[in-house]
Amino acid sequence: MPSLPTDPLEPIPVLLLTGFLGSGKTTLLSDALRSVLGPDTGVVINEFGTVAVDHDLVQVGRGEVMQTTTGCLCCHAGSDVEESLTKIVEAMGPDGERRLKLMVVETTGLADPAPVVNQMRAFPPPAEGRGFQLAGVITTVDAVTALASLDGYLEASKQIAFADAVVLTKTDLLSEADRESFDALIDEIRALNPTVAVHDRHADDFDLHGVFSPRGYDVAARGQDVLGWLALEDALAPDKSKPGHAAHNTGDSRHANGVQSFVLTSDTPLTRDGFYRFLRTLQLSAGPKLLRMKGLVSFTEEPGQPYSVHQVQHLLSMPKALGEWPSTDRRSRLVFIVEGLDPKPLRELFEATVHDTGSFFDSIMPERFGKWLKSGKDRT
Amino acid sequence: MTFNNPLAPKARAIPQKLREIKAWVRDLFELDDDTAVTVSELACRDEGCPDIETVIGLLTAGHPSEVHRLHKPLADVERDDVAALAMVSRLAKAADPHD
């Protein structure tokens, strides 16, 4: 457990955990909650879209209090950070405010940290009670897909630029052939944020305790780009420079209109072959339009066994068997975040395939892939 | 185990474009070192606005921020777009020297 301030008059330290879609934020947070964070930790998980699944993917124990919000925190119409934190304090009970030692706010993978950090820097002095104070920004960076994310999405650059701790994830998946692109990624991180501490999640000396220890978050130390983005946020908020167009309407989202989230569900278990046929077709056809897919499924062959499923851009990770269903909701459910992809044909594909009992998959897939599908549980 | 999709996302080269735009702004607006240039991208749902636009801020200590918008994504911004902004800005300042 990090050494945390216990003076009840000190503001409650808040760590912002950000990182692009599928970069491992939730996994890192789960690990921290299991091993280095104490029971007096509050967690806010913000998810893009209207359906939350990350709360089922975070394995929380020992009485941490978690609040899940939907609607991106960085969007004008999105959730309010302080309101979410206050709800945590209230949920902790009468002495919760005194007991709370740390709050962690996990953003969506598409979050622009500038408005979120601006919100957190502007926490008013509490009229009563302790109040909150930004105590660090942790950004997870997927060592395999980050260069593509940086190339395509400004949010990915900003997430790195605002960090005072970058955690490289999935470095265990890198091969020798990836060395050049990995070096280029490190160069880009250094270009965006020359002074940030870069940690390798899979290094022997990785210090999870240190990463989740609250510290003073110094905006000025993050460089001119960060100062500029924060100032621009301030300048844009009450933009009165354009008569009749006082402030641009970002509606429910500040992201491009083409980015959206939707969920596919099934009340009954899926057939294993049918589901993998769906995944394979999805992977081959959706291409770059599929930014992220995650969820929980079960199969007719093992109806009591839940699996978590993840796809990040072009990388499909093998389903991972979970010990038990994380809640009473036993439906198979997949959340998609897509850009410029019509959900309707995807929904039709899902409904047409996931209950199939045919052997389509085995007939078309390479032997190795077929083996993986048959033995996904064993190979987690 | 992971599987690579041959239809992997195409690069838009955002980091390089960001640096290019900042350099163009500094050059074409003839800015000195006291003015910081910041570039961002925002979605807008107002009728008549593009889905996504590039926002350029010129930030000088002790002065109001100067904000310029280009009605296209950051990846599509060209030097000529910035040159047009700079010209409009100069004309506006010439018309209203107190602005």
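Structure values in brief
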{"quantity": "Failed criterion for A:SER266 (all others in (1) open to solvent by 30 Å² or more (accessible area, probe 1.4 Å); (2) at pLDDT 85 or above; (3) of a type in the set (S, T, N, Q) hold)", "calculated": "(1)"}
{"quantity": "When residues of region A:1-20 are limited to those that are under 20 Å from A:VAL117 (Cα atoms) and modelled with pLDDT under 90, the one most open to solvent (accessible area, probe 1.4 Å)", "calculated": "A:GLU10"}
{"quantity": "Per-region count, region A:305-329, residues at pLDDT below 85, small (Gly, Ala, Ser) and crowded, with 17+ Cβ neighbours inside 10 Å", "calculated": "1"}
{"quantity": "Sole exception among (1) modelled with pLDDT of 80 or more; (2) under 24 Å from A:PRO326 (Cα atoms) for A:MET92, by number", "calculated": "(1)"}
{"quantity": "Residue list for region A:108-122, restricted to those being in a loop (DSSP other than H, G, I, E, B) and out of contact with any helix residue (DSSP H, G or I) (no Cβ under 6 Å at 6 or more places or on another chain)", "calculated": "A:THR108, A:GLY109, A:ALA111, A:ALA122"}
{"quantity": "Residue among A:SER175, A:SER149, A:SER157 that is open to solvent by 40 Å² or more (accessible area, probe 1.4 Å) and among the hydroxyl-bearing types (Ser, Thr, Tyr)", "calculated": "A:SER175"}
{"quantity": "Selection within region A:287-304 - within 25 Å of the chain's Cα centre (by Cα) and either open to solvent by 10 Å² or more (accessible area, probe 1.4 Å) or β-branched (Val, Ile, Thr) (or both)", "calculated": "A:PRO288, A:LYS289, A:ARG292, A:LYS294, A:VAL297"}
{"quantity": "Flag if A:SER332 is open to solvent by less than 50 Å² (accessible area, probe 1.4 Å), of a type in the set (Gly, Ala, Ser) and touching a helix residue (DSSP H, G or I) at 6+ places or on another chain (Cβ under 9 Å)", "calculated": "yes"}
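Table: residues versus (1) in contact with a Phe, Trp or Tyr (Cβ under 7 Å, 6 or more places away or on another chain); (2) touching a residue at least 40 places away in the same chain (Cβ under 8 Å); (3) more than 20 Å from A:ASP273 (Cβ to Cβ); (4) in a strand (DSSP E or B).
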{"site": "A:PRO303", "(1), (2), (3), (4)": "no, no, no, yes"}
{"site": "A:SER308", "(1), (2), (3), (4)": "no, yes, no, yes"}
{"site": "A:LEU316", "(1), (2), (3), (4)": "yes, no, no, yes"}
{"site": "A:PRO319", "(1), (2), (3), (4)": "yes, yes, no, yes"}
{"site": "A:GLU324", "(1), (2), (3), (4)": "no, no, yes, no"}
{"site": "A:THR328", "(1), (2), (3), (4)": "no, no, yes, no"}
{"site": "A:ARG333", "(1), (2), (3), (4)": "no, yes, no, yes"}
{"site": "A:PHE336", "(1), (2), (3), (4)": "yes, yes, yes, yes"}
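The values are calculated or read from the model by the stated rules, or taken from the named source; none is laboratory data. None of these values were measured; they are calculated from a predicted model. Glycine also receives a Cβ, built like all others from the backbone with ideal geometry; neighbour counts cover every protein chain displayed. When the accessible area is computed, the model is the full protein with side chains, heavy atoms only, and any ligands, DNA or RNA have been set aside. Shrake-Rupley method; radii C 1.70, N 1.55, O 1.52, S 1.80 Å.
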